[in-house]
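Here's the structure we're looking at; comments come further down.
The values are calculated or read from the model by the stated rules, or taken from the named source; none is laboratory data. Because the structure is predicted, anything quoted here is derived from the model rather than measured. As a convention, Cβ positions derive from the backbone with ideal geometry for all residues, glycine included, and neighbour counts pool all protein chains shown.
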Amino acid sequence: MGRKKRKYPRHKRRRNHPTLSGTLRVEGNGTAVVSTQEGSFTVARKGLREAMSGDTVAISLIHTHVGQTLAVVQSVVERATKTFLARYEKAGPLGVLVPLDARLRHDFFIVPEDTSAERYHVQEDDVVEGRILEYPTRLNSGTATIERRIGAAEDLDMGIEGILASYDLPHEFPERVLQAAEKLADDTAEATQEPDRKDLREVTFVTIDPLHARDFDDAVFGRMREDGGYEVLVAIADVTHYVKWDSPIDLEARRRTCSVYLADRVIPMLPEKLSNGLCSLMPNTPRLAMAVKLELDAHGHVQSTEPTKAVISSKARLNYDEVDEFLAGERPAEELNCRPEYVDTVAESLRVLHHVAEKRAVIRAQRGALDFPSREARVQLDQDGHPTGVLIRSKTPATSLVEEAMLLANETVARLLAGTEAPAAFRVHPQPTQKDLKELVPIFTELGLLKGHKQIDAFCSGQPEAQARILKAAEKTPNTYLVSTLLLRAQSRAIYLPHNEGHYALGTSAYCHFTSPIRRYADDTVHRALKAYLAHKRNTREQHAIAAVLPQLCADCSSQERVADAAACDSEEVKMAELYAAHIGEVFPGIIDGCKRFGVFVMLNQTCAEGMIPVRSLGEEYFEYDEKHMRLIGRETGTIYQIGQSIMVEVAACDTLRGRIEFRRAKQPHIRIKGYNRG
């Protein structure tokens, strides 16, 4: 008899009985991870079986020949998915529901005797909401019924609908939440009379945001002191004045934890009456705020911090472009978007805040903070949601002005709360692992950014100065953003914790998020803690209630932040694929920013669009993967494809539903994409 074929080749098998249980998370590309109390484990190939994303599963563990521990699902303990969005198809007498959620790896059948399709007048290719009747097993397919018809595929943005389904993003607020929001009234006049709330309506605050922003949750003001120092005021919308703990709005905000910014829409954390109304710091409108007054010396060092409840009235709604033009001397102060009587004060405040930002950047660099150059690519859409071009936004004096003011406020509030017992979510960023940094050594050595054992050892040990040195060396080279991106990927993920552990990348011993309570729930916990501190209240019933749920709340905020970031990224990729679908066969310059056994990833220079050249498109020869240097090498010709290499690519195909662009190697001159703008 021949040797029996093993199901998991090259794995050392354990017994098949489950050893752990945890929550399964399946990614859109098919990879899966099970999170358990003993840690997180990647699911082995073919080890998913009938489990679906979100399920609680029992797993066994196996070990690979390279020392990796993988999970194999043995059984489903509890199902998470009961309803799902799907595209309806016909297969003979059966109906078929094809999930829009890319994480659901199974189609579901509608049996012939089920009349739900006829009842809801569903046509082939319509999008529907399905309810699972029987889950798929190893022997049988799953069955489902139709709960409601969403609409015809041609009337929906299927790429975005797929993202909404894949990330389980809420479509609307529950009725009880909307009713609670409608009952809220603007009580600024009454709140102004509170003895512990300062009237700062005469201060010339301004908001500075992207041109099309609708929710304004931070305002700033700066002035020179007579001794050569600075006074900076940061005012943040007082969301918790309206959103009381354990109210319907608060519970829904806790469930969402943050707003999600997709390419074509915003899914807000708070109802519009709050996010764009009562809490938004609109110009020339009295609004309640939490304010921090900061006194700085002439070098930008903080001398004193004074937080307070306040009422303010922003004097101008400015956008980044006009502030950049003003600071560059390209726009006179008189053309700033504010009333004539405020022009001089607003102009002086912007100059002061700009100087403070420059000094604070120097201070952060001196203490080891890392400043990653970045570019943000946003696909521009028309009124119907169709892509028209790409806007690239890099760091500018205006964005730095706001960023440094927010960093300053967040850091000083965190330092203040770190010494109190008030429960609050702190923003914690651990040092990157030595393993993740070591993987970059061959690449950075190849790029000439690391030389000698001393520099390599300093870099791998996680010394911020060594990483800052690499970023500095890459400045003003074609690899500036590539190096920054690679270093960012190597960083540990910042998370929320119910206690302070410092922030590695910012080089500070204490940090929190205080400045965006309209769109981040973690900030709301900080506002509640700050109010308790100002009122000298300890051990209240509310504080005990917050403290009890804070660990889980921090975990939820951290995980949902990852979901929001991934969904936003995927939505941009969908629209980018739609844009390039009109450019099949055209050629563009790019740079290789990733390499795997199955192909190379390329980012286009003009638009930051990313796509892949499958290894099959690189040539007829066999390409070997050099894992250490993350590069592909042609066995016959020695042709090398590696990170940092410039390359001309042709758009070969676009999957607009999944947001994927496929390239092939090209040699002819490139074509500049229409609609490209640099912002």
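Worth a mention:
- Scoring Pro423 on the criteria (1) more than 26 Å from Arg528 (Cα to Cα); (2) in contact with a helix residue (DSSP H, G or I) (Cβ under 6 Å, 6 or more places away or on another chain); (3) not polar (S, T, N, Q) leaves a single failure, condition (1).
- Test for Ala567: is it at pLDDT below 95 and either in contact with a Gly (Cβ under 8 Å, 6 or more places away or on another chain) or assigned to a helix (DSSP H, G or I) (or both): yes
- Sole exception among (1) assigned to a loop (DSSP other than H, G, I, E, B); (2) over 34 Å from the mean Cα position of the chain (by Cα) for Phe173, by number: (2)
- Within segment 292-331, the set of residues being at positive phi and either part of a strand (DSSP E or B) or in contact with a Lys or Arg (Cβ under 7 Å, 6 or more places away or on another chain) (or both) comprises Gly300 only.
- When restricted to residues that are assigned by TED's automatic domain parsing to the domain that holds Leu274, in contact with a strand residue (DSSP E or B) (Cβ under 9 Å, 6 or more places away or on another chain) and surrounded by 18 or more Cβ atoms within 10 Å (Cβ to Cβ), segment 160-187 contains 0.
- Some residue of segment 380-396 being at pLDDT below 95, out of contact with any strand residue (DSSP E or B) (no Cβ under 7 Å at 6 or more places or on another chain), under 27 Å from Tyr511 (Cα atoms) and assigned to a helix (DSSP H, G or I): no
- When the criteria are applied in full, Asp626 fails the requirement of being buried (at least 19 other Cβ atoms within 10 Å of the Cβ) and at negative phi.
- Considering segment 516-552, the residues that are surrounded by 13 or more Cβ atoms within 10 Å (Cβ to Cβ) and among the charged types (D, E, K, R) include one that is nearest to Asp209 (Cα to Cα), namely Arg519.
- Residue in segment 639-652 that is part of a strand (DSSP E or B), within 14 Å of Gly599 (Cβ to Cβ) and in contact with a helix residue (DSSP H, G or I) (Cβ under 6 Å, 6 or more places away or on another chain) present: no
- Failed item in (1) closer than 30 Å to Asn605 by Cα; (2) part of a helix (DSSP H, G or I); (3) free of Cβ contacts under 8 Å to residues at least 24 places away in the same chain, with Asp457 passing the rest: (1)
- Extreme residue, nearest to Lys667 (Cα to Cα), among residues of segment 587-608 that are touching a Lys or Arg at 6+ places or on another chain (Cβ under 8 Å) and part of a loop (DSSP other than H, G, I, E, B): Gln606
- Any hit, segment 162-169, residues being at pLDDT 95 or above and of a type in the set (Ser, Thr, Tyr): no
- Boolean, Ala289 is in a helix (DSSP H, G or I), in the same structural domain as Glu341 (by TED's automatic domain parsing) and either among the aromatic types (Phe, Trp, Tyr) or surrounded by 16 or more Cβ atoms within 10 Å (Cβ to Cβ) (or both): no
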